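The values are calculated or read from the model by the stated rules, or taken from the named source; none is laboratory data. What you see is a predicted model; the values in this text were computed from it and never measured. Cβ placement follows ideal geometry from the backbone for every residue including glycine, while neighbour counts extend to all protein chains displayed. Heavy atoms of the whole protein, side chains included, go into the accessibility calculation; ligands, DNA and RNA do not. Shrake-Rupley method; radii C 1.70, N 1.55, O 1.52, S 1.80 Å.
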Amino acid sequence: MKINEKAMEKKRQNKARIASHILHRKQVSKPELAIELGLSMPTVLQNVKELLEAGIVEEVGEYESTGGRKAKALSVVKDVRYAAGVDITANHVGFVIIDLKGDAVCSIRVRRRFENTAEYYEGLAAELEQFLDTGGVDKKKILGVGISLPGIIDKENSRLVRSHILQVSDINLEVISRHIPYPVHFENDANSAAIAELKGRDQNAVYLSLSNTVGGSIYLDNDIYGGDHFRSAEFGHMIIYPEGKPCYCGKRGCADPYCSARVLSSFVGEDGGLGEFFQLLVNKDRDAAAVWDTYLEDLSIVITNLRMCFDCDIVLGGYVGGYLRPYMSQLGRKVMVHNKFDNDTLYMKNCSYEKEASAVGIAMTFMDEYFRTMI
């Protein structure tokens, strides 16, 4: 690479770093950018000037002065670009549009039973297009469509290796993407949700997904750790009770049959759901309270094991995670019985996205790609 080319590439990288940092910090001043990114002030000033002129960044206010001139607060212009996310489950599809800041502009969840058929994929694409038409955004500004699926995904070869939930294996994901007239990214649903919850936090964490199956994601050094065979963080298949309840994986005593959302929703029958179960708790139903207490005891064992393995924050997400906030003290007391290494449970974090976390997270991958490749 010639000297001029190297200089241009370095400049492009600096601009991308600055824009991405502004995105993740929400609001930041130029002096803070220089300090936090280790860049000179002239470099920051020139790149910020170009980002302002391009309409990607804007000044949104001023910091309190500590003497002298007040520093301007910088933020990303949210409506410069958009991305769409699609979360495919066994019985539903969630759709979301996010802006450049990663905030959801609109979302919808529709009942659509998964089928590995051309008709299903064509219908999915048509429903997506209809959603985008009614989303109220300029479709020319859409960077792409992210699709999250439950199962093991080989992103390099664009294949769904296996999905117990969808009851399929070895699916070429082009059967979906060829119907969608935008760039398409695919990712596992738990990894997608972890991206939504953890992206830009600059801190290692574990994401525990408590949905109709138990899964999760390991977020190390600002990236998802996928493992050697794309199946890291199968937390639902850690054995917590040897020779315990049978699990769909064929083993006994896995965390999944004790901590999945189905444990709670099944209490209220086929016509009920998590919302109805938690309403029973609010109404002080004694039987529901007993089921919940047992659930939290089992969950406390899983959390303790994860803390012992990773020694970092644990974010509690998935369907159940969205309801956990009022019960964190109760859960924390149970965890402290098992965990003799920590003096508190502040490492347990509530999820930020109670709904459509997977759709938001996979859509966010386009935002980072946009900044990485910007000129």
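Of (1) under 30 Å from HIS21 (Cβ atoms); (2) in a strand (DSSP E or B); (3) open to solvent by 60 Å² or more (accessible area, probe 1.4 Å), LYS70 satisfies all except one. Which?
Failing condition for LYS70: (2).
Could you look through the range 139-152, keep only residues that are without any contact (Cβ under 8 Å) to a residue 40 or more places away in the chain and open to solvent by 50 Å² or more (accessible area, probe 1.4 Å), and pick out the one that is farthest from VAL93 (Cα to Cα)?
In this case the residue turns out to be LYS140.
Of all residues in the range 262-295 being under 18 Å from MET238 (Cα atoms) and crowded, with 19+ Cβ neighbours inside 10 Å, which is modelled with the highest pLDDT?
TYR295
Scan the range 210-261 for residues that are open to solvent by less than 50 Å² (accessible area, probe 1.4 Å) and not in a loop (DSSP other than H, G, I, E, B) and report the count.
Looking only at that region, the number is 16.
Determine whether TYR207 is farther than 30 Å from ASP368 by Cβ and either exposed (fewer than 15 other Cβ atoms within 10 Å of the Cβ) or not small (Gly, Ala, Ser) (or both). Step through it out loud before you land on a result.
On the way: farther than 30 Å from ASP368 by Cβ: no; either exposed (fewer than 15 other Cβ atoms within 10 Å of the Cβ) or not small (Gly, Ala, Ser) (or both): yes.
Criteria not met by TYR207.
Kindly indicate the residue of the range 185-204 that is charged (D, E, K, R) and more than 12 Å from the chain's Cα centre (by Cα) and also surrounded by the fewest Cβ atoms within 10 Å (Cβ to Cβ) among those meeting that condition. Step through it out loud before you land on a result.
So the first thing to find is which residues in the range 185-204 are charged (D, E, K, R), and the list is 187, 189, 197, 199, 201-202.
So of that shortlist, the ones also more than 12 Å from the chain's Cα centre (by Cα) come out as 201-202.
On the way: ARG201: 13, ASP202: 10.
The selected residue is ASP202.
Determine, yes or no, whether ASP87 is acidic (Asp, Glu) and buried (at least 20 other Cβ atoms within 10 Å of the Cβ).
Here the answer is yes, as ASP87 does meet what is asked.
Out of the range 109-125, which residues are without any contact (Cβ under 8 Å) to a residue 24 or more places away in the chain and either within 16 Å of TYR182 (Cβ to Cβ) or surrounded by 15 or more Cβ atoms within 10 Å (Cβ to Cβ) (or both)?
ARG112, TYR120, GLY123 - these are the residues of the range 109-125 that are without any contact (Cβ under 8 Å) to a residue 24 or more places away in the chain and either within 16 Å of TYR182 (Cβ to Cβ) or surrounded by 15 or more Cβ atoms within 10 Å (Cβ to Cβ) (or both).
Assess whether GLY332 counts as being within 23 Å of ALA261 (Cβ to Cβ), open to solvent by less than 10 Å² (accessible area, probe 1.4 Å) and in contact (Cβ under 8 Å) with a residue 60 or more places away in the chain.
no
ASP298 - would you say it is among the charged types (D, E, K, R), under 30 Å from ILE97 (Cα atoms) and modelled with pLDDT of 95 or more?
The answer is no for ASP298.
Answer yes or no as to whether LYS101 is assigned to a loop (DSSP other than H, G, I, E, B) and open to solvent by 10 Å² or more (accessible area, probe 1.4 Å).
Considered against the rule, which asks whether it is assigned to a loop (DSSP other than H, G, I, E, B) and open to solvent by 10 Å² or more (accessible area, probe 1.4 Å), LYS101 comes out as yes.
Could you list all residues from the range 168-181 that are touching a residue at least 40 places away in the same chain (Cβ under 8 Å) and open to solvent by 10 Å² or more (accessible area, probe 1.4 Å)?
VAL168, ILE171, VAL175, HIS179, ILE180 - these are the residues of the range 168-181 that are touching a residue at least 40 places away in the same chain (Cβ under 8 Å) and open to solvent by 10 Å² or more (accessible area, probe 1.4 Å).
Taking the range 345-375, which residues are within 14 Å of the chain's Cα centre (by Cα), not charged (D, E, K, R) and not in a helix (DSSP H, G or I)?
Scanning the range 345-375 gives ASN350, CYS351, SER352, TYR353.
Are any residues in the range 188-205 outside any loop (DSSP other than H, G, I, E, B) and out of contact with any Leu (no Cβ under 8 Å at 6 or more places or on another chain), and if so, which ones? Write out each step before concluding.
Pass one, the range 188-205, residues outside any loop (DSSP other than H, G, I, E, B): 188-198, 205.
Result: ALA190, ASN191, SER192, ALA193, ALA194, ILE195, ALA196, GLU197, LEU198.
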